[in-house]
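Asker: Please see the structure below; I have some questions.
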Amino acid sequence: MNAKMYELKTIQTNFPRVKIVTNEDAAKFIRELYNDDIEIFESFFILMLNISNQTIGYAKISQGGITGTVVDVRIVAKYAVESLAISVVLAHNHPSGKLQASENDILITEKIKKCLMLLDIMVMDHIILTKNGYLSMVAENLI
């Protein structure tokens, strides 16, 4: 039998605890997760927060091509639950430099938001980054 045992445990790291108060705070923190590839291919991240809106972890959910990436909601939920996050900030980049949310961006955000709501985890924002700026989907009333 090839059964696996799962357990919940904390692994100590030097992950920086930063309080996220504004969408600008979130964009600044998430920008640090990207290397020089922000203009090369699209990547999707999740930033996990505790009850005090402090960062407790992040995960790169997917990395795609020049014009898109695939996001599996189950993987987003896995990281949010494992980290015991109270809320999350979603983020991805647009290599094109276009600071506009696509219909697919809005649809995946709503899908993730509905899924995490069942687990009492709030989606605080979805940040779209480009080399020179960012868009907050909350500030634009898109979610």
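Asker: Can you compute the modelled spin-label distance between N50 and D37, with each label point 7 Å from Cα toward Cβ, in nm?
Answerer: That separation, rounded to one decimal, is 3.0 nm.
Asker: Let me ask something else. Quickly rank 83-94, 29-40, 54-65 as a protection proxy: mean count of other C-beta atoms within 10 Å, highest first.
Answerer: The peptides rank, most packed first, as 83-94, 54-65, 29-40.
Asker: Once amide H atoms are placed 1.01 Å from N in the peptide plane, what residues at a sequence separation of 5 or more from I61, or on another chain, have their amide H within under 5 Å of its amide H?
Answerer: For I61, whose amide H was placed from the backbone, the distant partners under 5 Å are F44, F45, I46.
Asker: For a label point 7 Å from the Cα of T22 along Cα→C-beta, name the residues of the stretch 55-78 whose backbone N is under 18 Å from it.
Answerer: 55
Asker: Angle between the Cα long axis of helix 73-82 and the longest principal axis of the chain, 0 to 90 degrees, nearest 10?
Answerer: That works out to roughly 50 degrees.
Asker: At a threshold of 8 angstrom on Cα-Cα distance, excluding pairs fewer than six apart, so keeping six or more, what relative contact order does the chain reach in percent?
Answerer: 23 percent
Asker: Quick one: angle between helix 103-117 and the longest Cα principal axis of the chain, in degrees between 0 and 90, rounded to 10, please.
Answerer: Taking the Cα atoms of the chain, the angle to 103-117 is about 20 degrees.
Asker: About its Cα centre, what dipole magnitude does the chain give when the only charges are +1 on Lys and Arg Cβ and -1 on Asp and Glu Cβ, stated in debye to the nearest 20?
Answerer: That gives the chain a dipole magnitude of about 380 debye.
Bear in mind these aren't lab numbers, they're just calculated from the coordinates by the rules spelled out. For clarity, every value in this text was computed on a predicted model and none was experimentally measured. Using ideal geometry, Cβ is built from the backbone for each residue, glycine included, and neighbour counts are taken over all protein chains shown.
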